[in-house]
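Structure first, commentary second.
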Amino acid sequence: MTTQTMKQQLVVVGNGMAGVACVEQILKQPHNFEITIFGDETHANYNRILLSLVLAGEKSPEEIVINDIEWYQTHDIRARLGVKIVGIDRERRVVIDEDGGETEYDKLILATGSSAFIPPIPGVDKKNVHVFRTLDDTRALLEQARPGLKTAVIGGGLLGLEAARGLQVRGCDVTVVHLMDTLMERQLDSTGGEYLKRKIESLGIRVMLPQQTAALFGNGRVDGLRFASGEEMEAELVVIAAGIRPNAELARRAGLEVRRGIVVDDYMATSDPHIFAVGECTEHRGQTFGLVAPLFDQGRVLASAITGNTGQAFTGASPAAKLKIMGVDIFSAGSIDESEPGVEAVTYEDPALGTYKKLLLKDNRLHGMILVGDIEDEHLYMEWMRSGTDLTPHRRQILFPPRDADPGREVADMPDSETICGCNGVRKGDIIQAIHARGITTLAGLKESTRASTSCGSCTGLCEKLLRAVTPDFQEETRTTLCACVPFSYEQLRDIIRGQKLKSVEEVLNVYGNRKGCEVCKPALSYMLDMVWCGEHEEDRSARFINDRVHANIQKDGTFSVVPRMRGGVTTPDELRRIADVADKYKVPMVKVTGSQRIDLLGIKKADLPKVWAELGMPSGQAYTKGVRMVKTCVGTEFCRFGVQDSTRAGIELERRLENLFTPHKFKMGVVGCPRNCAEATVKDLGMVGQEGSWQVVVGGAAGKSVRKADLLITVETTDQAMETCDLFFQYYRENANYLERSYDFVERLGIEKIRKETVYATDADKKKLLDRLARSKALAKDAWLERETPVHATQFVQIQPMEVQRT
Amino acid sequence: MNAVRGWTPITKADNIPLREGRAVLVGDAEIAIFHLEGRYLTIENKCPHKGGPLCDGIVSGTKVVCPLHGQRFDLETGMPVLASQPGCVAIFPTRVDDGVVFVDLGGACKAGEEAAA
Ligand SMILES: Cc1cc2nc3c(=O)[nH]c(=O)nc-3n(C[C@H](O)[C@H](O)[C@H](O)COP(=O)(O)OP(=O)(O)OC[C@H]3O[C@@H](n4cnc5c(N)ncnc54)[C@H](O)[C@@H]3O)c2cc1C
Ligand code: HEM
Ligand code: SF4
Ligand code: SF4
Ligand code: FES
């Protein structure tokens with residue numbers, strides 16, 4: 001029983017994006033509710049939109065949580081997760097859960113969302129046929145996804161394409177089967193659809209349309225699709241993304257007015273005055289929903305109404321949609337129906353660039369748009385559409401509105417009323433106010449306080465620009481993407497290279513990048529290809545820095561330095577004599593003992609390099625590259641009176657095992673015969689420290705710009721065990737560090753515990769895999785200086801002489 | 001061979017690998033010839049910053065990145081990519097005839113200057 005003074009019971013059914021967003025709005029108002037939220041998913045409220053990015057590996061499930069469990073506790077909200085409501089007794093005002101439990105309500109909000117629509121095709125109940133709606137669905141897909149898996153996605157809308165790309169990035173061999181003859185036909189016209197199709201195909205996804213699936217066949221497990229045309233196609237995994245249906249059954253059974261969705265008025269009230277509805281389960285003035293932006297508006301309207309502040313009404317939504325596939329820029333908004341009376345279309349297309357723009361105007365005002373390939377003007381157009389700007393003065397440049405040379409101007413010129421985050425309805429003014437009022441300096445801070453840029457992510461760039469413009473202390477978030485040419489994280493790129501079997505830098509750039517590449521990504525991709533394919537990639541010297549084209553270190557005057565390998569820092573009189581002879585003969589301006597116990601010949605001309613190497617008769621010391629540099633050793637038991645291990649011999653052996661291999665950044669090692677550490681093994685990327693009867697293997701040390709004492713990885717008894725441990729860590733670092741990440745940053749980023757678990761304490765099978773891959777790489781690794789005999793190109797080292805001017 | 005005014009045969013086109021550059025000393029001018037997907041472009045081989053050998057740079061589209069400190073120049077115009085960088089490099093008209101790269105050494109042109117006749 002409720003009295004005036006007692007709290008009112010507010011029950012929300014559905015712990016999804018719209019329901020919880022509405023509750024967040026209610027909490028901002030003075031209210032007298034005790035809130036209970038039921039959700040049949042077992043997770044706290046997460047961002048469903050970003051499931052596409054979880055599938056594609058761009059985000060982890062933890063990263064897409066919007067409200068964590070603490071949030072519910074802080075706000076005294078009872079969260080009943082994993083509990084499904086199966087009935088509503090409107091007489092007694094209770095909801096009934098699966099176990100028969102009853103919960104009383106004074107006010108009830110239905111926010112049950114929608115479910116994937118499963119077309120009535122025979123065979124959809126077979127194993128390995130999935131939908132893509134929830135985190136659990138996503139996890140199930142991820143469990144199945146593997147390189148080469150034949151995958152069919154039924155449905156070529158936003159969701160289907162995002163699912164297709166996510167699975168393809170995981171290596172699956174994906175075909176999109178679409179019923180209509182245009183992809184994303186709700187957002188695009190046939191020309192736009194054609195451009196999109198070409199782009200999707202260029203990513204390596206097959207597209208079949210129009211193609212009606214008649215049945216899924218297979219014995220228990222799906223084996224393939226049969227089409228209405230009679231053709232068949234093999235498929236081991238099927239994802240159905242053929243649309244959504246509002247979850248209105250609960251309301252229908254309770255006798256509420258339901259058509260396609262739960263019918264609500266402009267204040268989100270259903271036909272029962274105690275019951276409201278928000279989200280995809282609703283139908284408003286004949287319209288149902290499939291994108292979140294209008295649902296958040298609904299939530300705001302309902303929050304006001306339910307707390308007794310009825311004000312603004314919900315007036316429906318103008319659709320705006322963007323495809324969340326990196327490198328495929330598609331934006332569509334407003335009405336795209338050209339046949340509407342009074343509507344005129346202005347279009348532009350450039351097939352070579354893959355750009356297509358179509359603006360629909362009505363009474364000289366922007367009424368709708370389709371942007372493919374170039375969506376930079378999306379915000380300006382949206383503002384024009386929102387404000388109903390008379391475009392007469394802009395008509396001549398409407399397809400290419402002038403862009404300011406100074407990118408900061410774009411945000412500076414926006415009116416405060418302009419929406420920055422369409423999903424969460426955050427305007428420029430709100431953001432600026434939040435930045436000032438709370439001293440926000442990071443994107444994360446801005447997200448937390450305004451919710452801008454927390455849904456689909458398309459406004460991140462703008463938010464950052466605003467932060468940069470408004471706050472002098474703006475701190476950029478560290479980017480995990482490699483570079484603008486190939487906007488993927490290192491992990492994704494490794495998966496892509498592996499999954500798509502890409503063997504050359506050109507291939508990666510052509511399919512996943514801007515076809516050009518630059519001095520940042522080309523060397524990084526070269527490294528990754530070499531590492532992933534254990535040396536069986538297609539080496540492209542044009543993608544390498546000059547040092548790796550000629551295997552020497554370029555100096556400030558364009559000459560090169562030559563550092564031969566001197567394993568363990570041990571040399572012979574013979575070697576020293578040859579070095580001296582070379583230095584004399586080539587008039588080497590400086591001969592220097594390096595900090596790595598070897599000798600550097602500086603100031604050698606490119607054309608002389610092959611001769612110098614031949615005359616030295618020593619292998620490359622890799623002093624010019626991101627690779628294995630050296631093992632520094634002390635004299636150990638052989639001569640030192642304190643020595644307890646033969647550090648010199650162990651060091652030479654270690655150098656032999658790993659030399660000529662490439663690493664994410666330079667890799668220096670050290671081996672010492674006792675803890676006195678004369679060769680500084682504890683400040684090396686990898687070190688062995690001799691103990692009485694054992695070796696300590698230490699990793700992640702540094703004595704460069706930063707100084708860091710290495711972490712102890714493990715202590716082992718024999719030299720052989722120590723070597724194997726070194727191999728394990730070395731290969732693990734090669735496979736998991738980002739390019740240009742030194743071992744000391746790598747060890748700090750991952751934590752020594754995780755590294756131990758995945759190297760020395762890994763299962764024997766996993767260890768063997770690491771060691772096998774290292775062995776494969778090592779088998780193909782060569783002394784680079786042998787290219788003096790077999791150059792990769794006739795003019796690799798040769799100074800080209802101009803031809804004699806020929807006379808006829 | 002029809003050696004046109006100023007056009008000088010330099011080297012076999014094969015001598016310049018795809019997406020790389022090679023330096024050639026012709027008289028007292030050092031030029032860098034680049035090979036981009038069927039096209040050959042020539043610039044002076046001296047970075048206006050501190051004289052870096054541009055022939056050794058990584059090519060990014062039609063730009064080359066100096067190997068010493070990373071300044072970028074457009075091979076088509078000789079212009080620096082960032083307007084804030086000082087100086088540009090001379091460009092030379094280049095064509096390939098019968099598998100041989102010809103460079104018009106008299107046709108050097110720096111942005112803003114007229115081509116010498
Ligand atoms: C992969 C993917 C990508 C998307 N991308 C975009 C995008 O880029 N842009 C965009 O605007 N939209 C996108 N959407 C759509 C967007 O996610 C939805 O519009 C939004 O989640 C709808 O919110 P909702 O709260 O109405 O429903 P939901 O978020 O589905 O929440 C409803 C919740 O209620 C629960 N529930 C249902 N019935 C009961 C019951 N009887 N008892 C208890 N709990 C129940 C459900 O399990 C669910 O957790 C995407 C959707 C998916 C699946
Ligand atoms: C379909 C509608 C939209 C949805 C579902 C949506 C959702 C989101 C989400 C989830 C984020 C946060 C990304 C993150 O966690 O990093 C976000 C960010 C952003 N959105 Fe929206 N948005 C939508 C439409 C729009 C529109 C129409 C605009 C602009 C008019 C916009 C502008 C932005 C901006 C600027 C960001 C910051 C981007 C970022 O963090 O990368 N959004 N949006
Ligand atoms: S580290 Fe120990 S064994 Fe090696 S030289 Fe120094 S004191 Fe001797
Ligand atoms: S310490 Fe600095 S100046 Fe000396 S060699 Fe290293 S980078 Fe060059
Ligand atoms: S010499 Fe070219 S960038 Fe410094």
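Each reported figure results from applying straightforward, stated rules to the coordinates on display, with no laboratory input. Predicted, not measured: the structure shown is a model, and the values here were computed from it. So basically every Cβ, Gly included, is an ideal-geometry build from the backbone, and we count neighbours across all protein chains shown.
Of note:
- Three semi-axes of the equivalent ellipsoid, the protein assembly as shown, Cα gyration tensor, whole Å, largest first: 58, 37, 26
- Pairs from the list A:Lys556/B:Lys63; A:Lys522/A:Lys626; A:Lys7/A:Lys28; A:Lys522/A:Lys769 with a Cα-Cα gap above 25 Å: A:Lys522/A:Lys769.
- Using alpha-carbon coordinates, inclination of helix A:647-658 to the longest axis of chain A, degrees: 50 degrees
- For the stretch A:569-664, dividing the convex hull volume of the Cα atoms by the residue count gives 120 Å³ per residue.
- Cα long-axis angle, helix A:158-169 against chain A (0 to 90 degrees, to the nearest 10): 20 degrees
- 19 Å Cα-Cα reach of A:Lys428 towards lysines, excluding residues that sit fewer than 8 places from it in its own chain: A:Lys447, A:Lys465
- Our coupling estimate for the stretch A:611-625, obtained by passing each phi through the Karplus curve with A = 6.51, B = -1.76, C = 1.60 and θ = phi - 60°, is 5, 4, 4, 4, 6, 5, x, 10, x, 5, x, 6, 7, 9, 10 Hz, Gly and Pro reported as x.
- Separation between Cα centres of the stretch A:302-335 and the stretch A:364-383, rounded to whole Å: 16 Å
- Percent RCO, i.e. relative contact order, over the stretch A:129-242, from Cα pairs under 8 Å lying at least 6 residues apart: 32 percent
- Considering only alpha-carbon pairs that sit under 8 angstrom and 6 or more positions apart, the relative contact order computed for the stretch B:8-107 is 27 percent.
- For A:Ala242, nonlocal amide neighbours, meaning residues 5 or more places apart or on other chains whose placed amide H falls under 5 Å from its own, are A:Phe117.
- Shape of the stretch A:129-242, Cα gyration tensor, a/c cut at 1.5: oblate
- Size of electric dipole in the stretch B:8-107: Cβ of Lys, Arg +1 and of Asp, Glu -1, about Cα centre, debye, nearest 20: 300 debye
- Less than 5 angstrom separates the built amide H of B:Val100 from those of B:Ala13, all sequence-distant by 5 or more or on a different chain.
- Remark: for residue pairs A:Lys59/A:Lys778; A:Lys605/B:Lys50; A:Lys84/A:Lys107; A:Lys592/B:Lys12, the C-alpha separation exceeds 29 Å in A:Lys59/A:Lys778; A:Lys592/B:Lys12.
- For A:Lys362, a cut-off of 13 angstrom between C-alpha atoms picks up these aspartates and glutamates, skipping any fewer than 8 places away in its own chain: A:Asp337, A:Glu338, A:Glu340, A:Glu344, A:Asp390.
- Against chain A, whose longest principal axis is taken from its Cα atoms, helix A:490-499 shows a tilt of about 90°.
- Computed across the stretch A:481-544, the Kirkwood hydrodynamic radius from all distinct Cα-Cα pairs reaches 11.1 Å.
- Each part gets one Cα centre, and for the stretch A:51-82 versus the stretch A:751-779 those centres are 33 Å apart.
- Rounded to whole Hz, the Karplus (6.51, -1.76, 1.60) HN-Hα couplings of the stretch A:690-696, x for glycine and proline: x, 10, 4, x, 7, 10, 9
- Taking amide H as placed 1.01 Å from N in the peptide plane, the amide H of B:Ser60 sits under 5 Å from that of B:Val65, each at least 5 places away or on another chain.
- Between the C-alpha center of the stretch A:688-733 and that of the stretch A:545-618 there is a gap of 29 Å.
- Whole-Å semi-axes of the stretch B:8-107's equivalent ellipsoid (Cα gyration tensor): 21, 14, 11
- Magnitude of the charge dipole, the stretch A:78-233, Cβ model with Lys/Arg +1 and Asp/Glu -1, debye to 20: 400 debye
- Chain lengthening between A:Thr715 and A:Asp766 when straightened (0.36 nm per residue, less Cα-Cα): 16.4 nm
- Cross-link partners of A:Lys150 among aspartates and glutamates (Cα-Cα below 12 Å; sequence separation of 8 or more within a chain): A:Asp173, A:Asp223, A:Glu234, A:Glu236
- Phi-based couplings in Hz for the stretch A:590-603 (Karplus 6.51, -1.76, 1.60; Gly and Pro marked x): 8, 10, 9, 7, 8, x, 10, 6, 8, 10, 10, 9, 9, x
- Helix-derived mean residue ellipticity, 222 nm - over chain A, DSSP H n ≥ 4, -39500 (n - 2.57), to 500: -9000 deg cm²/dmol
- Its residues counted as N, the stretch A:626-782 yields a C-alpha radius of gyration over 2.2 N^0.38 Å of 0.95.
- Magnitude of the charge dipole for the stretch A:626-782, about its Cα centre and with charges confined to Cβ atoms of Lys, Arg (+1) and Asp, Glu (-1), is about 600 debye.
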